[in-house]
Amino acid sequence: MSDFIKHGDCDVHWDGNILVVNLSGLFNQEGVYEANLKVKEAVANKPAEHWARIDILATTETLAPTGLMFDGFVAHLKMLKKHGCQILAFVGGNVIARDSSKVMCEKAKLTYQSCTDLAQAKYLCNAHLTSLNEAQVD
């Protein structure tokens, strides 16, 4: 890592079997690195084998990763999938961030859902996880 000051804020917490990631501000490489570390630490303490992630962008100013950060985030999503993440729901942001997140999820072969608010995201994530659990029982 460089000696640059990180930009962008990230709060990560579990809400049942859903990892909620609140993102705000403009991220530079150092900010992305710190956010990824917080997510990895949370995943190490995951409450269930299968789980979901919700990304909440606080403002339309928070941009999607570009260039090397794009490739790094695809790798990050692949790691999440390997550790049991089944769906990423995306709340807020702008159309560029939503479209980029969709493309990154497609590259990582991770289910993606754009949502209008947190309640819808939780509903869709829980429905997706429930359908997976029911399919395993059958």
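Structural remarks
- Amide hydrogen neighbours beyond the local backbone of Leu19, cut-off 5 Å, H modeled: Ala52, Arg53, Ile54
- Comparing mean-square fluctuations of Asn22, Asn45, Asn94 from a GNM of the chain with C-alpha springs under 10 Å, the top value falls on Asn45.
- Principal-axis tilt of helix 29-44 within the chain, Cα atoms, nearest 10 degrees: 30 degrees
- Between Ala44 and Ala135, the FRET efficiency estimated from the beta carbon spacing at R0 = 30 angstrom works out to 0.65.
- Low-density loop positions, GluC sites (Glu not before Pro), segment 1-49 - DSSP coil, at most 16 other Cβ in 10 Å: Glu49
- Note that the chain carries a Kirkwood radius of 15.1 Å, evaluated over its alpha carbons pair by pair.
- Chymotrypsin sites (Phe, Trp or Tyr not before Pro) within segment 1-47: DSSP coil, no more than 11 neighbouring Cβ in 10 Å: Phe4
- Note on segment 13-56: the C-alpha convex hull projects to 3.0 nm² when averaged across all orientations.
- Centre-to-centre separation between the Cα atoms of segment 69-94 and those of segment 18-42: 11 Å.
- 0 to 90° range, to nearest 10: angle between helix 67-82 axis and the chain longest Cα axis: 30 degrees
- Antiparallel DSSP beta bridges within segment 9-137, as percent of all bridges there, nearest 5: 30 percent
- Taken about its Cα centre, the chain carries a charge dipole of roughly 340 debye when the Cβ of each Lys and Arg holds +1 and the Cβ of each Asp and Glu holds -1.
- Based on the reciprocal of the average 1/r between different C-alpha atoms, the Kirkwood radius for segment 84-138 equals 11.9 Å.
The numbers here are math on the coordinates, done by the rules we state, and not lab data. Here the structure is a predicted model, which is why all the values come from computation and not from measurement. Cβ: placed from backbone, ideal geometry, glycine included. Neighbour counts: every protein chain shown.
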